Amino acid sequence: MARALTPAMAAQIAAQAKAPVAIVEIETASTPVRVWTGIGDLVWSGKTFVGLGTFGGFQAAEETIDLRATGEVYTLSGVDPALVSASVGDVRPHLPCRRWLGFLNASGVLLADPILLFEGWAAVPTTDEKGETVTIALSAENLLATLKRARETRYTPEDQRTRDASDKGFGYVAALQDRTIAWGRS
């Protein structure tokens, strides 16, 4: 994925002292989950991201030069077991997930234009109970994963009627199968 850097981001990457942060947005059935790797609230692009500090983490997608779908895993540890069913029940597969890389300046303010590093879809979350707390892990698959899925569409009148009942264009496809059509001069 090509990434364009703003001058402020390029200067921060080249600087000796760096304060990188990960910003994550996961769409859910009710309200999106917006978190970042710092402490406190972060307002960016008109949205508020909640800081997870050391309770949140992620396993980044592998960058490859070949055309291959790689995914990420987002984890949240220290969750109260009473809140697990509500948290996990709100996540739906195939809703968008995004992760940006941003930098904080010396004052702790986010520099403009964080870089989008990953965009994909949520998968099914898993839980791991350890004593009095639970760790929730959510896998996200890359958008390229759709290339491996078989398309369930057919060029038949019946299949077309499921999308548009008034379209009768595919009703003529069967008659064209054995028809000889003169092309050019005969």
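The values are calculated or read from the model by the stated rules, or taken from the named source; none is laboratory data. None of the values given here were measured: they were computed from a predicted structure. Because the Cβ atoms are built from the backbone with ideal geometry, glycine has one as well, and the counts that use them run over all protein chains shown. The protein model used for the area step is the full one, side chains on, heavy atoms only, and it has no ligands, DNA or RNA in it. Shrake-Rupley method; radii C 1.70, N 1.55, O 1.52, S 1.80 Å.
Table for the structure above
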| read-out | value |
| --- | --- |
| Sites excluded, GluC sites (Glu not before Pro) in DSSP loops with at most 10 other C-beta within 10 Å, longest stretch of the chain | 64-131 |
| Sequence-distant residues sharing a close amide H with Trp44 (under 5 Å, placed H) | Phe49 |
| By accessible area with a 1.4 Å probe, ligands and nucleic acids excluded, highest first: order of Leu95, Leu138 | Leu95, Leu138 |
| DSSP bridge pairs, the chain: antiparallel proportion in percent, nearest 5 | 95 percent |
| Additional length obtainable on full extension of the chain from Arg151 to Phe55, 0.36 nm per residue less Cα span | 30.6 nm |
| Over the chain, volume per residue of the alpha carbon convex hull, in Å³ | 239 Å³ |
| The range 98-164: translational diffusion in µm²/s, Stokes-Einstein, Kirkwood Rh over Cα pairs, 20 °C, 1.002 mPa s | 128 µm²/s |
| Surface share of carbon and sulfur [accessible, 1.4 angstrom probe, percent] for the range 33-186 | 55 percent |
| Leu176-Asp164 pseudo-label distance in nm [points 7 Å out on the Cα-to-Cβ vector] | 1.5 nm |
| Residue-level accessible surface for Arg163, protein heavy atoms, 1.4 Å, Å² | 130 Å² |
| Long-range amide H partners of Val21 with built H, under 5 Å | Gly102, Phe103, Leu104 |
| Rounded accessible area per residue of the chain, 1.4 Å, Å² | 67 Å² |
| For the chain: relative contact order, % (alpha-carbon pairs under 8 angstrom, 6 or more apart) | 20 percent |
| Per-residue SASA entry for Asp90, accessible area with 1.4 Å probe, Å² rounded to 10 | 40 Å² |
